[in-house]
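K.L.:
Mind having a look at this structure? Questions to follow.
Bear in mind these aren't lab numbers, they're just calculated from the coordinates by the rules spelled out. If you're wondering where the values come from, they're calculated on a predicted model, not measured in any experiment. Don't worry about glycine lacking a Cβ; one is built from the backbone with ideal geometry, like all the others, and counts go over all protein chains shown.
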């Protein structure tokens, strides 16, 4: 049994959110730079240039990349041989979020759903915990913006809808979203499980490194490429001003489902695709 | 790309009439921020017959909630939120004299019709470039609803803020114009 103080978790969570709100991953920066070269729409290129300029300003001036610094979503894998000391997991994560949003001058974007009163410190975080083998803790921090989240869908398709039904739902979700989720986007697709697991799979898919196709199932890698090509012929383009760069990537994750069901979730992520991981 | 038009607030019906969907604009002058809850409160005040906390005559609203200003800066990062959530309130504000709106994303047909009738304009600002856009803001003043935090109404002085006309007074819509028929996709 390895003992880990919850203070270490708080510190790690704090640092992850502070960094990811200002510095974008090289994979996303690379995809944007490629799109700037390949995009044929003038307005599209104008937008992509500003996006790349923004990445530099945020890093140099230590400013958040986007004013929507998100709801704090975390994927936490806790090794079953870990013994936490000094407190509990969820509280220590919330404390890390609280400190990051306070110390980093990040926007507090969490409120009571009915009264709309702001909680004031961007907590509670949305925490997906999984118990795994080993004596380590892996934390993925993902500040998720509201504009792209609002354009996401979950649908319970039927088995007869098949792959065509899945394609139709993804394309229809992206088409309906149009300019709203700040394209170019990354589209996370979760297939299977139950209603809620499909949505969690879709969100997990967003944390994958861009440009790495699904390595578990060649059918999914092919589906990702089909979906990306179709999405990029919609014409929406960067910010919806027109062009061929509507999505930078499509990531699909899948798990078995009930013989009666075909749950499909589509989670949209804007181009400020922030996520960072640490292993304790 | 067409050359950007340099405009200064306050926007007038005459200025708006001269704008066309797809025009790139560098806007300078004064705008106010307001988003979901501020819109609800403004409309509640108007519907009660009260004066809203800020006159909307000739005003331009930026749908935005900035990050807190770090020490030595006038504002944190700032950029547009999705405008469609304000659609239900917008015709009331346009009737009260609002001329310009800055946001991102699609507007309802009711808003587009109200823009046409009231000789106003809806500009798109780029989403997700908020560190860059913050450099166009030179001064900030708290105006109303301070209790709303980031959602409060603030007056911003902006210089050469990059925008594009989405909906003009003739009912055009940039987002619709760029879409390609997609029946072949299924």
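K.L.:
Who wins for biggest fluctuation among A:210, A:84, A:228 in a Gaussian network model of chain A, springs between alpha carbons below 10 Å?
P.N.:
A:84
K.L.:
Residues of the range B:82-104 with backbone nitrogen within less than 18 Å of a virtual label 7 Å along the Cα-to-Cβ line of residue B:48, please, listed as ranges.
P.N.:
Residues passing the 18 Å test: B:93.
K.L.:
Continuing with this model, one more query. Of A:77, A:176, A:269, which is the most mobile in a GNM of chain A whose springs link Cα atoms less than 10 angstrom apart?
P.N.:
Maximum fluctuation in the GNM of chain A, among the listed residues, is at A:176.
K.L.:
Given a 10 angstrom Cα cut-off, can you work out which residue in A:263, A:113, A:143 is the most mobile in a GNM of chain A?
P.N.:
Looking only at A:263, A:113, A:143, the largest GNM fluctuation is found for A:113.
K.L.:
Also: Based on alpha-carbon centroids, what's the gap between the range B:1-35 and the range A:153-198 in Å, whole number please?
P.N.:
A separation of 37 Å, based on Cα centres.
K.L.:
Let me ask something else. Looking at the protein assembly as shown, what % of its DSSP beta bridges pair antiparallel, to the nearest 5? Display every interim value, and only then the final one.
P.N.:
Values: 42 of 76 bridges.
The antiparallel proportion sits near 55 percent.
K.L.:
Right, next: If one computes the Cα centroid of the range A:219-271 and of the range B:70-134, what distance in Å separates the two points?
P.N.:
28 Å
K.L.:
Right, here's the next one. Return the calculated 222 nm mean residue ellipticity for the protein assembly as shown, to the nearest 500 deg cm²/dmol, obtained by summing -39500 (n - 2.57) across DSSP H runs with n ≥ 4 and dividing by the residue count. Let's see the in-between values first.
P.N.:
Working: 14 runs with 152 residues, N = 466.
The helix contribution divided over the protein assembly as shown gives -10000 deg cm²/dmol.
K.L.:
Treat each spin label as a single point 7 Å out from the Cα along the C-beta direction, and report the residue A:217 to residue B:176 distance in nm.
P.N.:
4.0 nm
K.L.:
Which residues in the range A:72-92 place their backbone N less than 17 Å from a point set 7 Å from the Cα of residue A:132 along the Cα-to-Cβ direction?
P.N.:
A:74-83
K.L.:
Going by how many other beta carbons lie within 10 Å of each one, how would you line up B:35, B:41, B:116, B:6, fewest first?
P.N.:
Numbers: B:35 24, B:41 19, B:116 16, B:6 10.
The most exposed by this proxy come first: B:6, B:116, B:41, B:35.
K.L.:
Here's something else I'd like to know. Mind giving me the FRET efficiency for residue A:255 and residue A:59? R0 is 41 Å, r the Cβ-Cβ distance, nearest 0.05 is fine.
P.N.:
Approximately 0.65, to the nearest 0.05.
K.L.:
Pop the C-beta distance of residue A:40 and residue A:150 into the FRET formula with R0 = 35 Å and round what comes out to the nearest 0.05.
P.N.:
Computed FRET efficiency for residue A:40 and residue A:150: 0.75.
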